[in-house]
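Notes follow the structure.
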Amino acid sequence: MKIAVCPGSFDPVTLGHIDIIERAAALFDKVIVVVMANSSKKSLFSVEERVNLIKRCFNREDIEVDTYGGLLVDYVKEKNAVAIVKGLRAMSDFDYEFQQALTNKSLLPQAETVFLAAKGKNMFLSSSMVKEVCSLNGDISRFVPEMILNDVVKRCKGEKS
Ligand code: ADP
């Protein structure tokens with residue numbers, strides 16, 4: 001069974017992430033979406049909340065959601081995954097992602113990093129953009145999955161969900 005890992009902060013998950021995860025699921029037997037808990041970035045949702053938001057977006061056995069606080073390659077090895085799948089939006093993503101891919105390759109040569117190009121309509125979409133637009137009362141319904149929209153709106157506007 002070929003397993004791929006889709007890592008990220010997903011704070012919160014957007015339609016751009018969903019697209020990459022579903023396209024990865026079409027290429028591999030199983031995809032594990034991993035909310036990385038070691039980011040220094042201040043987050044809007046806790047790791048557990050982010051995991052739950054992602055779980056609510058999928059109802060299929062070949063997509064699992066998990067969390068990890070250590071080194072990504074250790075997780076990939078532990079799960080026997082063959083690939084790390086990442087989305088690329090623009091050249092601005094490239095330098096950082098390429099550096100990460102090279103580092104991961106030298107730490108765990110048997111795992112490949114696979115880059116999927118973002119769809120045109122998602123090129124500008126990021127979790128931080130969603131949070132900023134929503135906190136200023138903008139409409140984010142085109143950017144996040146419908147089933148989690150209310151929770152994201154409530155939290156961005158400062159209410160407890
Ligand atoms: P963000 O950069 O929005 O904080 P994450 O760190 O959670 O996102 O990103 C997880 C993965 O999803 C990364 O590989 C990132 O490049 C990818 N990704 C994020 N937003 C998009 C998008 N709009 N389209 C395609 N891929 C995306």
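Here, each number is a calculation from the coordinates, and none is a lab measurement. On a predicted model such as this, the values are computed, not experimentally measured, just so you know. Virtual Cβ from ideal backbone geometry, glycine too; neighbours counted across all protein chains shown.
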Cysteines in the chain that, by Cβ-Cβ distance, have no pairing candidate under 4.7 Å: Cys6, Cys57
Students often check this: by mean Cβ neighbours within 10 Å, which of 94-106, 133-145 ranks highest, and how do the rest follow? 133-145, 94-106
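Just how large is the dipole of the chain about the Cα centre, in debye to the nearest 20, putting +1 at every Lys and Arg Cβ and -1 at every Asp and Glu Cβ? Could you put the intermediate results ahead of the total?
Numbers: 22 positive and 21 negative charges, 51 e Å.
The calculated dipole for the chain is roughly 240 debye.
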Taking only C-alpha pairs under 8 Å that are 6+ residues apart, what is the relative contact order of the chain in percent? 27
Can you list the lysines whose alpha carbon sits under 23 Å from that of Lys154, skipping same-chain ones fewer than 8 residues off? Lys41, Lys42, Lys55, Lys131
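Classify the stretch 1-133 as rounded, prolate or oblate, taking a ≥ b ≥ c as the square roots of the eigenvalues of its Cα gyration tensor: rounded when a/c is under 1.5, otherwise prolate if a/b is larger than b/c and oblate if not.
Working: a/c = 1.30, a/b = 1.19, b/c = 1.10.
In terms of gyration-tensor shape, rounded.
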Considering only DSSP states other than H, G, I, E and B, which GluC sites (Glu not before Pro) in the stretch 1-71 qualify as loop sites with at most 16 other Cβ atoms within 10 Å? Glu61
Please list, by residue number, every one of the trypsin sites (Lys or Arg not before Pro) in the stretch 28-100 that is coil in DSSP and has at most 13 other beta-carbon atoms within 10 Å. Lys41, Lys42, Arg60
List, in order, the whole-Hz ³J(HN,Hα) value for each residue of the stretch 11-16 obtained from phi through the Karplus relation with A = 6.51, B = -1.76, C = 1.60 and θ = phi - 60°; use x for Gly and Pro. 10, x, 5, 10, 5, x
With axes computed from alpha carbons, what is the tilt in degrees of helix 91-107 against the longest principal axis of the chain, rounded to the nearest 10 within 0 to 90? 40
In what sequence do Val76, Val51 fall when counting other Cβ within 10 Å, fewest first? Val51, Val76
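Taking the Cα centre as origin and putting +1 on Lys and Arg beta-carbons and -1 on Asp and Glu beta-carbons, what dipole magnitude results for the stretch 79-141, to the nearest 20 debye? Walk me through the numbers before you get to the answer.
Working: 7 positive and 6 negative charges, 37 e Å.
About 180 debye.
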The alpha-carbon center of the stretch 119-153 and that of the stretch 19-41 are separated, in whole Å, by 19
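Quick one: net charge around Ile3, please, counting Lys, Arg +1 and Asp, Glu -1 for every other residue with C-beta under 14 Å from its C-beta. Each step should come with its number before you reach the end.
Values: positive: Lys2, Lys30, Lys77, Lys79; negative: Asp29, Glu61, Asp62, Glu64, Asp66, Glu78, Glu112.
Within the 14 Å Cβ shell, the charges total -3.
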